[in-house]
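Peer 1: Here it is, the structure, as structure tokens.
The values are calculated or read from the model by the stated rules, or taken from the named source; none is laboratory data. Predicted model only: the values in this text are computed from it and were never measured. Glycine gets a Cβ as well: all are built from the backbone with ideal geometry, and neighbour counts include every protein chain shown. The accessibility values were calculated without ligands, DNA or RNA, using every heavy atom of the protein model including side chains. Shrake-Rupley method; radii C 1.70, N 1.55, O 1.52, S 1.80 Å.
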Amino acid sequence: MLSSLHTAAAEVLASADAAGTTTPAGTADRLRPLLAELSEAPSGRLDYRLAVVAPMKAGKSTLINAVLSRELLPSRGPAMTVLPTCVVPVAAESAREPVLTVPGSTIEGITALAHQLALPGYQPAVTTAVWQHPHLTAAEARLSGTGAAVPTHRTVGTQAIHAALAEMNDLLRLALTVLPHEELLAQLPGLQPPEVVVPVPWTATGPAGGWLVLVDTPGPDEDLPPGMLDRFVTQEIRRAHELLLVTDATRRDNEAEHTVTRMATSVRKHVFTVVNRVDMADEARTPSSSPSQGSGVRTVARQGLAAAGVLRHPPDGERRREASAAARAFLRTAFPLDWEHHAEVLSGAEIRNLARRQWEQSGVPALLDQLITVRARDPGAWALAHLLSRLASVGAPAIAVSGRPLVPPDGITVLASRRQQVVERARSLYVRSPITWR
Ligand SMILES: Nc1nc2c(ncn2[C@@H]2O[C@H](COP(=O)(O)OP(=O)(O)OP(=O)(O)O)[C@@H](O)[C@H]2O)c(=O)[nH]1
Ligand SMILES: [Mg+2]
């Protein structure tokens, strides 16, 4: 459907680049970045990217895990995420288990960093870094092993993916802490986000006709070499169609929150706001309305994740061991001081009822209802609407500019009319979607 638009856009650009010609101001600059998206579409994959951005430790990874109903992305008390990670939720029938794919360029980049870190000259710096950040001990141990620090291209299953992502992120964190700035700058641009396709209970979308991609990002305010993580975050903000800005209810109105909010709002994309960790903040510090960007919800991601773990397993399903591990993890979160007592006295049905209540109270269902499931129903349509609206701003049909030849003579008119044809077609294809086609 979009190939005719790509041809028209390429013709406008080719004419605009020809010597001595004039196009309406800014046309080429606005059109050029769209060309890649227009040519990607005929290959059948239209992504709608929703980037999750926040200061460090606001709970980005935990929130995505809660949405996925499984502990897939690594999270912990000390700083964790370095490399942005794409997550594609699909219908449970489309995939039995989550599958992680790491791009070849990322494997090469991380392998090169691992080899550098393993050089004897860096040993003292690595030892000091691990002494300061004991959670990196495992990454150091893998470096001295034989090639075990190298990520593999494909990994299947929640636990294996969790471990693989934790390894990759910790290795990168060690590299960011130890290696000189210039050497890192040479490797980092080659690191493309890994991608995990995950079965979830709340969508019927298979891997066809457009994918919703949730992008987990690092906290740009981390105490690492300046600019390193900003670069990843800025790139994902630029690539995203829409942003999910998470703020931490226990750390409101500080410099970190202002920085991330500025980064998110500077690009003029729709921002949906989540105030997370509301269980840890007193009401006085958490205004009931969300920050300035309009729509938003308040969440307790950790509670949502623990409850979802219980609810994901059918009460009489085959995976009993996993179900009882999920029940224990849930009770540990719900009753940190005496969870063992609750494990003894509560029946399976009582634990499920409690989990259902806590899931509802966690705010995660509200996030699903207000934002995520709406986008997941027709991600291709949302991506297309976004693309068409950006194309609409490229240039009005050309009018003569101070007597000089106008180029393309009618290229922009052709582009505009093809765009209109695509809009009409999309209107008839996606009649039930809440998108306003313009
Ligand atoms: N009490 C409470 N803890 C939470 C909540 N959400 C996340 N956490 C905990 O906060 C810690 C940090 O969560 P992460 O998901 O790693 O946060 P993040 O924003 O991804 O962190 P970085 O990737 O390091 O920037 C973990 O120990 C989570 O279990 C919440 O709503 N309430
Ligand atoms: Mg994280």
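Residue-by-condition table, conditions (1) touching a strand residue (DSSP E or B) at 6+ places or on another chain (Cβ under 7 Å); (2) modelled with pLDDT of 90 or more; (3) more than 16 Å from ligand 2 (Cβ to nearest atom):
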| residue | (1), (2), (3) |
| --- | --- |
| Ala36 | no, no, yes |
| Ser61 | yes, yes, no |
| Pro84 | yes, yes, no |
| Val99 | yes, yes, yes |
| Val126 | no, yes, yes |
| Leu143 | no, no, yes |
| Gly147 | no, no, yes |
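Peer 1: Residues to consider are Asp223, Asp216; find the one that is within 13 Å of ligand 1 (Cβ to nearest atom) and either in contact with a strand residue (DSSP E or B) (Cβ under 6 Å, 6 or more places away or on another chain) or under 30 Å from Glu93 (Cβ atoms) (or both). Reasoning before the result, please.
Peer 2: Values: Asp223 fails: either in contact with a strand residue (DSSP E or B) (Cβ under 6 Å, 6 or more places away or on another chain) or under 30 Å from Glu93 (Cβ atoms) (or both).
Answer to the selection: Asp216.
Peer 1: For Ala366, state whether it is in a helix (DSSP H, G or I), under 21 Å from the mean Cα position of the chain (by Cα), surrounded by 19 or more Cβ atoms within 10 Å (Cβ to Cβ) and modelled with pLDDT of 95 or more.
Peer 2: Details: in a helix (DSSP H, G or I): yes; under 21 Å from the mean Cα position of the chain (by Cα): yes; surrounded by 19 or more Cβ atoms within 10 Å (Cβ to Cβ): no; modelled with pLDDT of 95 or more: yes.
For Ala366, the condition - in a helix (DSSP H, G or I), under 21 Å from the mean Cα position of the chain (by Cα), surrounded by 19 or more Cβ atoms within 10 Å (Cβ to Cβ) and modelled with pLDDT of 95 or more - is not met.
Peer 1: Here's another thing I want to ask about it. Would you check if Ser75 is among the small types (Gly, Ala, Ser), within 26 Å of Thr250 (Cβ to Cβ) and near ligand 2 (Cβ under 10 Å from one of its atoms)?
Peer 2: Working: among the small types (Gly, Ala, Ser): yes; within 26 Å of Thr250 (Cβ to Cβ): yes; near ligand 2 (Cβ under 10 Å from one of its atoms): yes.
So Ser75 fits the description; yes.
Peer 1: Now for a different question. Being within 14 Å of ligand 2 (Cβ to nearest atom), open to solvent by less than 10 Å² (accessible area, probe 1.4 Å) and in a loop (DSSP other than H, G, I, E, B) is the filter here; which residues of region 209-235 pass it?
Peer 2: Thr217, Pro218, Gly219
Peer 1: Something else now. Name the residue, out of Pro84, Pro89, Pro74, that is in contact (Cβ under 8 Å) with a residue 60 or more places away in the chain, closer than 19 Å to Leu243 by Cβ, within 16 Å of ligand 1 (Cβ to nearest atom) and surrounded by 15 or more Cβ atoms within 10 Å (Cβ to Cβ).
Peer 2: On the way: Pro89 fails: within 16 Å of ligand 1 (Cβ to nearest atom); Pro74 fails: closer than 19 Å to Leu243 by Cβ.
Only one candidate qualifies: Pro84.
Peer 1: With respect to Ser94, determine if the residue is farther than 20 Å from His181 by Cα and over 28 Å from the mean Cα position of the chain (by Cα).
Peer 2: On the way: farther than 20 Å from His181 by Cα: yes; over 28 Å from the mean Cα position of the chain (by Cα): no.
Taking the combined requirement at face value, the residue does not satisfy it.
Peer 1: Got a number for residues in region 283-332 being at pLDDT below 90, among the polar types (S, T, N, Q) and either assigned to a helix (DSSP H, G or I) or open to solvent by 70 Å² or more (accessible area, probe 1.4 Å) (or both)?
Peer 2: 4
Peer 1: Given the condition in contact with a helix residue (DSSP H, G or I) (Cβ under 9 Å, 6 or more places away or on another chain), of a type in the set (Asp, Glu) and open to solvent by 50 Å² or more (accessible area, probe 1.4 Å), answer yes or no: does some residue in region 46-53 qualify? Outline the logic, then answer.
Peer 2: Within region 46-53, the subset in contact with a helix residue (DSSP H, G or I) (Cβ under 9 Å, 6 or more places away or on another chain) is 46-53.
Imposing the further condition that a residue be of a type in the set (Asp, Glu) reduces the set to 47.
Retained after the next criterion (residues that are open to solvent by 50 Å² or more (accessible area, probe 1.4 Å)): none.
Scanning region 46-53 turns up no residue that is in contact with a helix residue (DSSP H, G or I) (Cβ under 9 Å, 6 or more places away or on another chain), of a type in the set (Asp, Glu) and open to solvent by 50 Å² or more (accessible area, probe 1.4 Å).
Peer 1: May I pose another question? Look at His135 and say whether it is over 19 Å from the mean Cα position of the chain (by Cα), within 16 Å of ligand 1 (Cβ to nearest atom), open to solvent by 50 Å² or more (accessible area, probe 1.4 Å) and under 30 Å from His313 (Cβ atoms).
Peer 2: Details: over 19 Å from the mean Cα position of the chain (by Cα): yes; within 16 Å of ligand 1 (Cβ to nearest atom): yes; open to solvent by 50 Å² or more (accessible area, probe 1.4 Å): yes; under 30 Å from His313 (Cβ atoms): yes.
It is true that His135 is over 19 Å from the mean Cα position of the chain (by Cα), within 16 Å of ligand 1 (Cβ to nearest atom), open to solvent by 50 Å² or more (accessible area, probe 1.4 Å) and under 30 Å from His313 (Cβ atoms).
Peer 1: Please state which of the following conditions Gln159 fails to meet, knowing it meets all the rest: (1) surrounded by fewer than 20 Cβ atoms within 10 Å (Cβ to Cβ); (2) in a helix (DSSP H, G or I); (3) at pLDDT below 90.
Peer 2: For Gln159, the exception is condition (3).
Peer 1: Could you list, ordered by first residue, the pairs with Cβ atoms under 7 Å in which the first is in region 346-358 and farther than 14 Å from Arg312 by Cβ and part of a helix (DSSP H, G or I) and the second is open to solvent by 50 Å² or more (accessible area, probe 1.4 Å) and of a type outside the set (Gly, Ala, Ser), at least 6 apart or interchain?
Peer 2: Gly348/Pro315
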